[in-house]
1. Any chance you could check the Cα centroid distance between the range 556-602 and the range 93-120 for me, in angstrom?
2. Work out from phi, with θ = phi - 60° and the Karplus expression 6.51 cos²θ - 1.76 cosθ + 1.60, the ³J(HN,Hα) of each residue of the range 475-488, listed in order in whole Hz, and give x for Gly and Pro.
3. May I ask you to derive the relative contact order of the chain, considering only C-alpha pairs under 8 Å and at least 6 residues apart, and to give it as an integer percent?
4. Can you give me the long-range amide H partners of residue 218? Hydrogens built in the peptide plane at 1.01 Å from N, cutoff under 5 Å, separation of 5 or more residues or another chain.
5. Which of the lysines could a cross-linker bridge to residue 572, judged by Cα under 25 Å and excluding same-chain residues fewer than eight apart?
6. If you stretched the chain out fully between residue 518 and residue 356, how much longer would it get, using 0.36 nm times the residue separation minus the C-alpha to C-alpha distance?
7. Mind checking the full-extension length gain between residue 604 and residue 497? Use 0.36 nm per residue of separation minus the Cα-Cα distance, one decimal, nm.
8. Among 93-100, 193-200, 507-514, how do they line up by average Cβ neighbours within 10 Å per residue, starting with the highest?
Amino acid sequence: MIGRPNPFSEEEDDLRGRHVYLASALVVLVSLLILRMWYLQVVQGDELRTLSESNRTRVQDMTPVRGQITDRNGVVLANNIPTYELLVVPADVPDPKQLAGQLAFYLNRPYNDILKALETARPQFRNQPVHLLAGLSRAELVTLETHRYELPGIVLDVEPRRQYLHDGLASHIIGYLGQVNEKQLKQDEYREHRMGDLAGQTGVERGWEAELHGKRGRRLVEVDAAGRLLKVLGESPPEHGYNLELTLDARLQRLCQQALGAQAGAVVVLDPSNGEVLALASMPTFSQMEFINGISDQRWKDLQKDPLHPMENRAVTGRYPPGSTFKIVTATAALEEGVVGLRDLVTCSGGFEFGNRVFHCWNAYGHGGVNMHRAIKESCDIYFYEMGLRVGVDRLSDYARAFGLGQKAGLGLPNEREGLFPTKAWKQRVFKSPWRAGETLSVAIGQGYIQTTPLQMAQVTAVAANGGTLYQSHLVRRITDSEGRVVREYGPEVVRNLNLKPETVDAIRQGLSAVINEPGGTAPVARLDSVLVAGKTGTAQVVGLGRDRIRLHPNWWQYKDHAWFVAFAPVKDPKIAVAVVIEHGGHGGSAAAPIAREVIRAFFDPTIDNIRPSPLPKPNPVQDEED
C-alpha cells in the first residue's frame, strides 16, 4: 500500500548510526596505535634499542692485579694469589632478603652480614657486579655452582687477592687492605675504584694506592633474563698495578721486631748517608691477613681496646719527650753559637738553683767540674741547664727544626705526627702566657713541652753521624711496571745542610763515642768489639709524681719513664743510625741500649738470623737513677 509507513526505518537509522560511531572509534584507536608505534620506533627508537640491548648484553668491570711490594733485596712482602669470589648484580636480585637467606643457608654464613652487603650496593652500580664474599673455598664454590640457577644475580669469578708472605712483619709500614668506602669513592685518587673494591687503608698500601691499584678492564658479556652469564663477547684487559721496591731490609726489620719482643716500643734504623729507612719496627704488631677477607666487628673492637694499641705505628705516630737524647741538639747549638768552649767548665753540685726552685741532676752528689766532653759522656743535667739558658729557647728551637724536629719527616705514611718544639711565641699563642726562663731548663734536657717521634730522633742521630746534613727520610727506592721497567726512582734528597763547624762535629762524635766506650759513660752495655759505636741514653719522664708516690700508685707501671737510646756506627764513616724507645722501660742505658746494640751487631754481621727478645723490665716501680 502506497504511503504506508515502514516500521523498520527508525531501527535501521539507529543501527546505521552505531556503525558510524563504531567505525569512527576504530579509526581513532588504530590511529592512536599507529601514532604510538611511530613515536616508539622513530622518536624513541635509538633509546629503546639501547635499553633492549642492555638487557641482553652488559659491560662488566675487570679488577686489575695489584702491584707487588718487595724489600730492597727483592724479598716479596706482598703479592697476589687467585681466589674465588662471589659477586652480585643488584639489578638482577628481585628479593635481597630471599637471596641472603639462600646464601646464608648454602654457605653457612651470617644472614645479617650477607643482607647488609646486598642492601648497601650503590644505585649507580646496580648493573655492575659488586663484591659480596671473598676467598670462597672449593666446597662453597661447588655448592654455589650446583644451585646457581636458584640464585638470581650472583656471579662467580676468579680474582687476584692480596697475600702477605710474612704476616706481621712490617705490618705498620706495609699496611692492610679494606673495602673502599663512599667517602673515598668521591675522591679523585679513587676514580679507578668501585664499591666493594679493596683499597689500602694504612701504611704503604694507603700512601701509594694510586700506583699499586692499576687500571680497570672492561668485559662485554651476554646474559639471560635472570642476569646469568651466557657468553663473553669481548674484553679489554686491566692494566697491572705498579710494583714498589722499599728501602727496608726484611731481615733487619724482623730482627728489630724480635729484639723488642713483648715490650711496647719502636726501633728505627736509617742510612745516615742518604735517608733510606732500613727498618721501622713498632711493637706489638698485628696480622694483616685478618683484614683480607673482612675483619669482624668484634675483632676490630678488641684491637681498638687493646691497652698496648697494636694498630698504632709508634715509630711515626708515637710522641714522647726525647729526654737526654736531645742533649745532642743542645750541645750542637751551644758550640755553634759560641756560648761555651770545649774546655770551659761548669760546676755540677747535684742541684741548680733558679728562681725559687732547685733543678736537680740525675746524680744527686754532683759531677764536679764538667766540660762538654764529660757532660755528654755522663749526661750531666746541670751542664745542659746552663747551656739552655745561654742559648735561649728560641735559638734552641731553630736548631731543633734544623735537625728535623717539630715537623713531619714526610715518609708518605698516613697519620704521621709532626711532634712539637716550643717557642716563646708558641706558648703565648697556645696558653696566653709568657715564656718563663725556668721552662728553658727543662727543654734543654729534652723534657717539658717537647714531643718527638722515634723517626725524628733517628733523623737527629743521622745528622750527628754524617756531620750536619738532614736527608729526606724515604721508604720507597723505586717504582717499576709489571715488566720490571723503572717508572720512578727515589734517590738522596737533602732537606738542609746545617753547615756545622768541623770542631763541633768532632766534639759531638767524640762525646757520643765516650758514652759507650769510655769509663763513666752511661751506656757501656752498647759496646761492641767488632765496630766502634757512638750513642746517647735518655730517660723521658711520663708524669712528675716522684718516685715515692709512684711506688704507692696502684697502676704504677704506666707512670714509669720511657727509655731512649740513639746510636750510630762506625764512629768514622757511619753506615747506620738507630733510635730505640721502650714505653715505661725506665732507664735508656739498661732497657733500650741493649736492643740497639743487637740491631747494630746484626747489621754488620749478615750471619745473624735471630735475636733473643729483650726481657720485660723487672716489676719494680722505683725509677732508675742514671739518666
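1. Answer, in whole Å: 53.
2. Along the range 475-488, the couplings run 9, 10, 8, 7, 10, 10, 8, 5, 9, x, 6, 6, 8, 8 Hz.
3. 14 percent
4. The list, which skips near neighbours in sequence, is 62, 236.
5. Straight-line reach from residue 572, under 25 Å: 327, 377, 501, 536.
6. Details: separation 162, 0.36 × 162 = 58.32 nm, distance 3.68 nm.
Between residue 518 and residue 356, full extension yields an extra 54.6 nm.
7. Working: separation 107, 0.36 × 107 = 38.52 nm, distance 2.79 nm.
Fully extending the segment from residue 604 to residue 497 adds 35.7 nm.
8. Values: 93-100: 16.2, 193-200: 20.8, 507-514: 22.2.
Highest mean packing first, the order is 507-514, 193-200, 93-100.
We did not get these values from a lab; they are worked out from the coordinates using the rules stated. Here the structure is a predicted model, which means the values were calculated and not measured. Using ideal geometry, Cβ is built from the backbone for each residue, glycine included, and neighbour counts are taken over all protein chains shown.
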